1. Which of the residues spanning the range 183-218 are buried (at least 16 other Cβ atoms within 10 Å of the Cβ) and among the aromatic types (Phe, Trp, Tyr)?
2. Please verify whether His165 is under 27 Å from Ser52 (Cα atoms), outside any strand (DSSP E or B) and under 19 Å from the mean Cα position of the chain (by Cα), treating the condition exactly as stated.
3. Could you run through the range 170-199 and say how many residues are without any contact (Cβ under 8 Å) to a residue 12 or more places away in the chain, farther than 19 Å from Arg5 by Cβ and not small (Gly, Ala, Ser)?
4. Please state which one of Gly221, Gly225 is at pLDDT 95 or above and on the phi > 0 side of the Ramachandran plot.
5. The conditions are (1) more than 19 Å from Pro109 (Cβ to Cβ); (2) out of contact with any Pro (no Cβ under 8 Å at 6 or more places or on another chain), and Ile162 fails exactly one of them. Which is it?
6. Specify which of the listed residues (Leu9, Leu83) is in contact with a strand residue (DSSP E or B) (Cβ under 7 Å, 6 or more places away or on another chain) and either at pLDDT below 90 or not β-branched (Val, Ile, Thr) (or both).
7. I'm trying to understand the selection: among the residues of the range 190-206, which are in contact with a strand residue (DSSP E or B) (Cβ under 6 Å, 6 or more places away or on another chain) and assigned to a loop (DSSP other than H, G, I, E, B)?
8. Give the number of residues within the range 208-243 that are touching a strand residue (DSSP E or B) at 6+ places or on another chain (Cβ under 8 Å), over 26 Å from Gln74 (Cβ atoms) and not in a strand (DSSP E or B).
Amino acid sequence: MIGKRIIELGSIGSTNVYASEVHTAAEFEDGDVIWTQEQFAGRGQQNHSWISEPGKNLTFTVCLKPRFLAPDRQFQLNKAISLGVLDFLRSFHPFPTNVPHRVLHIKWPNDIYVDDLKIGGILIENRIMGSVFESSVAGIGVNVNQTGFAPEIPNPVSLFQIFGHEILLKEALLSLCRFLDFRHVELQQTDQGNLDREYDHNLLGYNQWRSFMHGGVPLEGRIKGVDDSGRLLVETRDGKILGLCHGEIEFQITC
């Protein structure tokens, strides 16, 4: 059960690094959570930094042993974790009527957006041993009570900025763990069609013509979902379907 045991640490560099290098797969239980209120060397996708004001946001890692998944199906875990975070944020609905940013999305592969503003990010690192999906550490960051962000952080938003009041971090963490656990149980079902459909339909830009950059060239396309390996499927104006890996396409977002 995700969150049954929560290991709270002081100021550390990265909960993912701690989980991977210190709290090894042999030592942790499936569903353990490593939580810190100050993470000074947090990491995002493609070695980007995750900058978070101490004591203001959720920064934690979920330790998992998803051995029921075949290695070639590992992106299913990304879907489950992303949808769990989305479920948690949707539990705060309805958003105030005077706030225009009310639509929650997954920005492929696993950032969480409120309209075109980033409220959360996920970094999942897997360990494959031969044909066995040995372990996974899922680092999750959610902007909760932070009100000011460094200028180099693009289009951020927090729950405080949306709702106008602080949220207790421990209560928020426990709630988020429950939503993650629900999706983790769903991940273990034989039929994962619902998981696939929900992930696709919640993608930022799903079935909408949007502007992208692909190989340094502007591209107009619409997202049709992801394939079994997690590649983003983008339909172009001439009807072609491109299967793109992370780093091969860039969303053009203006706020």
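The values are calculated or read from the model by the stated rules, or taken from the named source; none is laboratory data. Since the structure is predicted, the reported quantities are computational estimates derived from the model, not experimental observations. Please note: Cβ atoms are built from the backbone with ideal geometry, for glycine as well, and neighbour counts cover all protein chains shown.
1. Tyr199, Tyr206, Phe212
2. So His165 does not fit the description; no.
3. 5
4. Gly225
5. Going through (1) more than 19 Å from Pro109 (Cβ to Cβ); (2) out of contact with any Pro (no Cβ under 8 Å at 6 or more places or on another chain) one by one, Ile162 breaks only (2).
6. Every option except Leu9 fails the conditions.
7. Asn202, Leu204, Gly205
8. Within the range 208-243, residues that are touching a strand residue (DSSP E or B) at 6+ places or on another chain (Cβ under 8 Å), over 26 Å from Gln74 (Cβ atoms) and not in a strand (DSSP E or B) number 2.
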